[in-house]
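Report on one structure; see the data block that follows.
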Amino acid sequence: MEPGKLYTLPKLLYEYKALAPYISEEQLTLHYTKHHQAYVTGANAILEKLDKARKDNTDLDMKATLKELSFHIGGYRLHTLFWENLAPAGKGGGGVPKGDLAKAIDAEFGKFDRFKKEFTQAASSVEGSGWAVLTHCMKTNRLLIMQLEKHNVNLVPGFRILMALDVWEHAYYLDYKNDRAKFIEGFWNLVKWDEVNTRFVTHLKK
């Protein structure tokens with residue numbers, strides 16, 4: 001691994017207009033180029049600040065510095081996962097999971113509809129700004145739905161995030177105003193289940 005590298009904004013696998021009507025071109029462009037970019041810029045600024053302090057042998061407020069770094073890195077990573085687990089409706093997005101993930105969902109939740117209901121409820125009830133994610137616990141071999149408040153609160157290290165849904169208002173306000181439920185409803189038409197399944201299968205092999 002090359003030392004000293006910084007974060008870069010990952011390339012989207014689809015055009016800005018590709019997720020409409022569930023996420024408009026204007027909404028996606030703003031979310032990606034402004035909000036996701038802000039986390040990239042913020043993380044890099046902190047890394048450069050740490051590099052300078054180490055080079056000059058000066059002290060920093062480590063509590064504040066590392067909290068800010070984790071916030072920006074969390075935002076960068078979660079947004080990257082979010083874009084990757086979306087695809088245009090009917091062109092890889094929507095439908096139901098297949099393969100090992102489908103079997104695991106049935107084993108844990110009984111059926112897909114029950115999983116979808118619980119995940120929707122989790123996303124709808126995140127307090128303030130945050131995320132709903134599907135994870136897998138190797139210790140118990142169970143799928144878990146988690147709420148992640150902000151970016152760096154309640155993020156459990158070691159739990160592989162299989163699917164992420166951003167429910168910060170910046171993710172949907174241009175399209176849905178304050179109707180988070182409508183945005184979540186639209187999200188199910190965009191889930192790239194092949195990607196989520198690949199994450200799951202890859203995780204199990206580690």
Subset of 111/206; 117/182; 91/206; 103/192 violating a 21 Å alpha-carbon distance limit: 111/206; 91/206
Electrostatic dipole magnitude of the stretch 76-206 [Cβ: Lys, Arg +1; Asp, Glu -1; Cα centre; debye, to 20]: 440
Measure of compaction for the stretch 25-84 (Cα Rg per 2.2 N^0.38 Å): 1.33
Under 13 Å from the Cα of residue 116 - aspartates and glutamates, other chains or at least 8 residues apart: 106, 108, 185
Where only C-alpha atoms are counted, convex hull volume of the stretch 58-111 per residue in Å³: 134
Given charges at Cβ of Lys, Arg, Asp, Glu: the stretch 25-84 dipole, positive-most of 57, 76, 33: 57
Mean-position separation - Cα centroids, the stretch 72-91 and the stretch 111-152, in angstrom: 15
Relative contact order computed over the stretch 99-205 (Cα-Cα under 8 Å; 6+ residues apart), in percent: 27
Mean residue ellipticity (222 nm) of the chain, computed from DSSP H runs ≥ 4 via -39,500 (n - 2.57), nearest 500: -15000 deg cm²/dmol
Kirkwood Rh, Cα atoms: Rg over Rh of the stretch 99-205: 0.96
Coordinate range along principal axes, alpha carbons of the chain, Å, largest first: 57, 42, 32
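Coordinate-derived values only; no laboratory data. All of these numbers come straight from a predicted model, not from anything done at the bench. Cβ atoms come from the backbone with ideal geometry, glycine included; neighbour counts cover every protein chain shown.
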